[in-house]
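Below: one structure, written as structure tokens.
What follows draws every value from the coordinates through simple rules; no lab data is involved. Fair warning: this is a prediction, and the values are worked out from it, not measured in the lab. All Cβ positions, even for glycine, are placed from backbone atoms using ideal geometry, and neighbour counts span all protein chains on display.
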Amino acid sequence: MAGLLLVVSGPSGAGKSTVLNAVMAKRKDMFFSVSATTRAPRPGETDGVQYSFVSPDEFHRMLQEGRLLETGSFAGNWYGTPLDPVMERLGSGETVVLDIESAGAAQVKEKYPNAVLIFLTPSTEEEAERRLRNRGTENEEKVLKRMADSRREYMQIDQYRYIVVNDTVEVAVQAMEAIIIAECARTKRNKGLFFKYRETHR
């Protein structure tokens, strides 16, 4: 049985990294897809951990060869999900997680209709802004831009199968785990196992 492809999006301040790290610490059958990017590494970043850092020429080559599941640009740099690692892990039955924006999620959904799209969000826009400001890493201009980007993300919310509210990390993690369990038990994902069993036990 093929693995489960989870696409997680949400506004800045939603706590995606915190929730996903907690879920993956509890489940050992999950693989986090590392995006490729043309931007330069920031201090403390390691190639292959936060991102796979590639040249613009290499990124363009990957795109031309169909080796990217989805792509997008931000602040003059390109980002994309390498296709081969995703398909290899799905083929081995693992749950693959993509943390990408709504535009990329739409591309994945078009190419891989069985993907499960989850929108992670605080309960209010004010809470998202509070978390963003509390990071202390953004100046006022960047905060306002991120909030504007977040509002555009919310406008795409209808393409997601689930919404998970992250007001409490523990509750959000429980919700994510419940989604994974439910999706892995869906009839259309498992009926082939029954038919194989029936054929071998006639």
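What the table below lists for this structure:
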read-out: Positive-end residue, the chain charge dipole about Cα centroid, Cβ charges, pick of V143, Y154, L69; value: L69
read-out: 5 angstrom amide H check on L117, placed H, neighbours 5+ away; value: V7, R161, Y162
read-out: Positive-end residue, region 1-114 charge dipole about Cα centroid, Cβ charges, pick of G48, G80, F31; value: F31
read-out: Theoretical FRET efficiency, 1/(1+(r/R0)^6), r = Cβ-Cβ of M87 and T187, R0 25 Å, to 0.05; value: 0.60
read-out: The chain: relative contact order in percent, alpha carbon pairs under 8 Å with at least 6 residues between; value: 32 percent
read-out: Tilt relative to the chain, helix 169-184 - C-alpha long axis, 0 to 90 degrees, to 10; value: 30 degrees
read-out: Surface/4 estimate of mean projected area, convex hull on alpha-carbon atoms of region 77-184, nm²; value: 8.1 nm²
read-out: Ranked packing of 3-10, 18-25, most packed first, by mean Cβ within 10 Å; value: 3-10, 18-25
read-out: Using θ = phi - 60° and Karplus 6.51 cos²θ - 1.76 cosθ + 1.60, couplings along region 75-81 (whole Hz; Gly, Pro as x); value: 6, x, 10, 9, 10, x, 9
read-out: Shape category assigned to the chain from the gyration tensor of Cα positions, a/c cut at 1.5; value: oblate
read-out: Amide H within-cut-off set for S52, under 5 Å, with H built and near neighbours excluded; value: S35, A36, T37
read-out: DSSP-defined beta bridges in the chain - what % are antiparallel, rounded to 5; value: 30 percent
read-out: Nonlocal amide H pairs with F32, under 5 Å, H built at 1.01 Å; value: V97
read-out: Entries of K16/K109; K16/K145; K26/K188; K26/K109; K28/K142 with Cα pairs more than 30 Å apart; value: K28/K142
read-out: The chain: calculated mean residue ellipticity at 222 nm from DSSP helix runs of at least 4, using -39500 (n - 2.57); value: -14500 deg cm²/dmol
read-out: Distance in nm between pseudo-label sites at Y112 and T18 (7 Å out along the Cβ direction from Cα); value: 2.7 nm
read-out: Karplus-derived 3J(HN,Hα), 6.51/-1.76/1.60, for each residue of region 8-14, Hz, glycine and proline x; value: 10, 10, x, x, 4, x, 6
read-out: Distance from region 46-79 to region 159-191 (C-alpha centre basis), Å; value: 29 Å
read-out: Estimated FRET transfer efficiency when R0 is 41 angstrom, pair E177-A103 (beta carbons, to 0.05); value: 0.90
